[in-house]
Amino acid sequence: MKEFLAYFFYRLILQEGGASLDDVVKAVIYVTDISKFSEISAIRNKYFSNAKPVSTLVEISKTVKGGCDVEIEVIAIKSKK
């Protein structure tokens with residue numbers, strides 16, 4: 001499984017709003033193959049090395065975009081500094 005390109009895009013989107021992956025409080029990861037849990041978890045932990053958001057992993061039959069194995073939804077709360 002390739003590393004999640006989605007984390008890269010989320011990082012860019014969050015930066016546009018003045019936030020970062022460290023501000024993510026919840027992540028839902030939809031996968032088409034739950035047997036790759038340990039690999040998915042390792043990648044997730046790499047990107048959320050500082051933040052420890054509540055996470056849910058859900059197996060689905062297919063993604064909206066054909067050819068994708070993973071969809072990720074995140075909720076971030078930008079801290080006031």
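The values are calculated or read from the model by the stated rules, or taken from the named source; none is laboratory data. Note that the structure is predicted; figures quoted are calculated from it, not measured. Neighbour counts are summed over all protein chains in view; Cβ atoms, including those assigned to glycine, are modelled from backbone coordinates with ideal geometry. Just the protein is used for accessible areas: all its heavy atoms, side chains included, with ligands, DNA and RNA removed. Shrake-Rupley method; radii C 1.70, N 1.55, O 1.52, S 1.80 Å.
Within the shell defined by Cβ-Cβ distances under 15 Å, the residues around residue 24 carry a net charge of +2, with Lys and Arg each +1 and Asp and Glu each -1.
A 1.4 Å probe over all protein chains sorts 37, 48 by accessible area into 37, 48, starting with the largest. Just to confirm the number: angle between the C-alpha axis of helix 37-47 and the first principal axis of the chain, 0 to 90 degrees, nearest 10? On a 0 to 90 degree scale, this one is about 20.
Would you work out the charge dipole size for the chain about its Cα centre, treating the Cβ of every Lys and Arg as +1 and the Cβ of every Asp and Glu as -1, and quote it to the nearest 20 debye?
300
Once all protein chains are placed together, residue 61 keeps about 110 Å² accessible to a 1.4 angstrom probe. Using the alpha-carbon atoms, what tilt in degrees (0 to 90, nearest 10) does helix 5-16 show relative to the longest principal axis of the chain? Roughly 20 degrees between the two axes. Full extension of the chain segment joining residue 75 with residue 55 gains 6.2 nm, where the gain is 0.36 nm per residue of separation less the Cα-Cα distance. For residue 75, the shell of other residues with beta-carbons less than 13 Å away shows a net charge of 0, using +1 for Lys and Arg and -1 for Asp and Glu. Distances over 17 Å make up what percent of all Cα-Cα pairs in the chain? When every Cα pair of the chain is considered, 44 percent fall beyond 17 Å.
Per residue, the chain reaches -8500 deg cm²/dmol at 222 nm when only DSSP H runs of four or more residues are counted, each adding -39500 (n - 2.57).
Restricting attention to the chain, lysine pairs at least eight places apart or on different chains and with alpha-carbon atoms under 28 angstrom apart total 28. Estimated from the Cβ-Cβ distance and a Förster radius of 25 angstrom, the FRET efficiency linking residue 38 and residue 16 is about 0.20.
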